[in-house]
């Protein structure tokens with residue numbers, strides 16, 4: 001199983017819970033679940049695990065409203081929170097997977113110096129280099 005799979009499962013559980021709470025008439029809790037989707041995707045490490053613990057509490061509390069959809073939504077939220085607590089440190093942070101460290105390109109530095117109005121061949125200019133002529 002890929003490292004991102006539990007993240008998507010947790011997010012989809014929260015979307016399903018939002019639908020269940022919306023159907024049960026608990027619109028504020030449904031909106032909280034949708035906001036939690038964004039938080040799950042944005043956070044990482046310890047912060048994601050703390051969010052998971054909070055979602056477990058919210059899921060248990062919301063399940064006591066009595067409506068069968070609210071109970072289903074509470075179970076989904078609690079399960080998503082449990083998944084985040086258990087695997088939150090190993091889940092990737094979205095947006096960080098494909099980024100690479102930018103390599104130093106001397107030619108790009110020369111063009112940037114020209115854009116700033118500096119002479120890149122002058123030794124006295126920051127980032128400049130000596131001419132070998």
In contact with a helix residue (DSSP H, G or I) (Cβ under 9 Å, 6 or more places away or on another chain), assigned to a helix (DSSP H, G or I) and touching a residue at least 60 places away in the same chain (Cβ under 8 Å) - does that describe any residue in segment 18-30?
no
Would you call residue 119 farther than 18 Å from residue 11 by Cα, outside any helix (DSSP H, G or I) and at pLDDT 80 or above?
yes
Hits in segment 63-114 - residues which are surrounded by fewer than 16 Cβ atoms within 10 Å (Cβ to Cβ), within 15 Å of residue 40 (Cβ to Cβ) and at pLDDT 85 or above
86
Could you please give the count of residues in segment 1-42 that are modelled with pLDDT under 85 and either surrounded by 15 or more Cβ atoms within 10 Å (Cβ to Cβ) or under 13 Å from residue 75 (Cα atoms) (or both)?
2
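The values are calculated or read from the model by the stated rules, or taken from the named source; none is laboratory data. This is a predicted model, so every value here is computed, not measured. Cβ atoms come from the backbone with ideal geometry, glycine included; neighbour counts cover every protein chain shown.
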